[in-house]
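Everything below concerns the one structure shown next.
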Amino acid sequence: MGLATYKDLCIDVADARTSGEYWSTMLGWRVEMHDDGDAHLRDDSGRIQVWLNVVPEPKSVKNRVHLDVNAESVQRALDAGATVVEEYPRWTTLLDPDGQEHCVFPRAEPVEKRPYELVWDCHEGAQPSHDLAAWWCGVVGGSVVDDDDDDDEGGFSFIRDMPDCPWDFFVFGGVPEPKTVKNRVHIDVRTDDLEALTAHGATVVRAKGDGGLGWTVMADPAGNEFCAFTD
């Protein structure tokens, strides 16, 4: 058991309708617009899985957290408005219409489950990928697996079997560049004990109630933001 449970995913965007339509196509979840211009994606069971929040600041650096999805082919993403960044043997890296990096993994048809994994960049030497994977495993549960022998992908660690989570894996891999700006992609969690999260190594960025917030904005040991809901 982790200290919290996975709740949902949040993506900062410039245009929630455009981004929502794209991610609805790629993830198979229904986009629903809000009166304030934001949006969310709801799965077939009625659960909200993704929040699309309009923010004023433009995307300025490569995302530290990105989505990997399953699809019949990369053409599904291209038809929905994506552009190719780089092709690899097993996947293709693309930009969505908002410029958000993500990877498409072609699968044999039919594709029964489109959400695949969430991938975190870890600053090499500052927060090793295994350590951050182990930290997040303590938060959301599951188990950690280390893979140092993959010639295509390099060394990385991942979490699997997270309770109540639509993503198969959380993957953590080393990159040379440090984190410099607020992440445009983050997860939300539910917990009954914020103090347990801070004792585990999380830091409070904005407390629940600050500015009318109904949740607490926190950061992991590498500075990656996430939101903790206690209600």
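The values are calculated or read from the model by the stated rules, or taken from the named source; none is laboratory data. Source: prediction; values computed, not measured. Ideal geometry is used to build each Cβ from the backbone, glycine not excepted, and the neighbour counts take in all protein chains shown.
Okay, residues lined up against (1) touching a residue at least 24 places away in the same chain (Cβ under 8 Å); (2) touching a strand residue (DSSP E or B) at 6+ places or on another chain (Cβ under 9 Å):
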residue: 3; (1), (2): yes, yes
residue: 24; (1), (2): no, yes
residue: 28; (1), (2): yes, yes
residue: 49; (1), (2): yes, yes
residue: 80; (1), (2): yes, no
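Step by step: first the residues of segment 1-22, then only those that are touching a helix residue (DSSP H, G or I) at 6+ places or on another chain (Cβ under 9 Å) and not in a loop (DSSP other than H, G, I, E, B), then the one that is surrounded by the fewest Cβ atoms within 10 Å (Cβ to Cβ). Which residue is that?
Step by step, filter segment 1-22, then rank; the result is 21.
Is one or more of the residues making up segment 32-43 touching a residue at least 40 places away in the same chain (Cβ under 8 Å) and closer than 23 Å to residue 168 by Cβ?
Within segment 32-43, one or more residues are touching a residue at least 40 places away in the same chain (Cβ under 8 Å) and closer than 23 Å to residue 168 by Cβ.
Checking the structure you have, find out if any residue of segment 160-175 is of a type outside the set (S, T, N, Q), out of contact with any helix residue (DSSP H, G or I) (no Cβ under 9 Å at 6 or more places or on another chain), closer than 23 Å to residue 219 by Cβ and modelled with pLDDT under 95.
yes
Taking only segment 193-226 into account, find how many residues are at pLDDT below 95 and not small (Gly, Ala, Ser).
Final tally of qualifying residues: 3.
Show me the strands (runs of 3 or more DSSP E) entirely contained within segment 159-231 in which 3 or more residues are touching a residue at least 40 places away in the same chain (Cβ under 8 Å), surrounded by 18 or more Cβ atoms within 10 Å (Cβ to Cβ) and touching a Leu at 6+ places or on another chain (Cβ under 8 Å).
Passing ranges, in order: 169-175, 185-190.
Can you pull out the residues in segment 88-109 that are out of contact with any strand residue (DSSP E or B) (no Cβ under 6 Å at 6 or more places or on another chain), farther than 14 Å from residue 27 by Cα and either of a type in the set (Lys, Arg) or surrounded by fewer than 19 Cβ atoms within 10 Å (Cβ to Cβ) (or both)?
88, 89, 90, 97, 99, 108, 109
Name every residue in segment 56-74 that is over 19 Å from residue 113 (Cβ atoms) and either in a strand (DSSP E or B) or over 17 Å from the mean Cα position of the chain (by Cα) (or both), in order of residue number.
Hits for segment 56-74 are 56, 57, 58, 60, 65.
Return the pairs, sorted by first residue and then second, in which the second residue is surrounded by fewer than 15 Cβ atoms within 10 Å (Cβ to Cβ) and hydrophobic (A, V, I, L, M, F, W, C), the first residue lies in segment 133-154 and is modelled with pLDDT of 95 or more, the beta carbons are less than 8 Å apart, and the residues are 6+ apart or on different chains.
Here the result reads 141/1, each pair linking segment 133-154 to a residue that is surrounded by fewer than 15 Cβ atoms within 10 Å (Cβ to Cβ) and hydrophobic (A, V, I, L, M, F, W, C).
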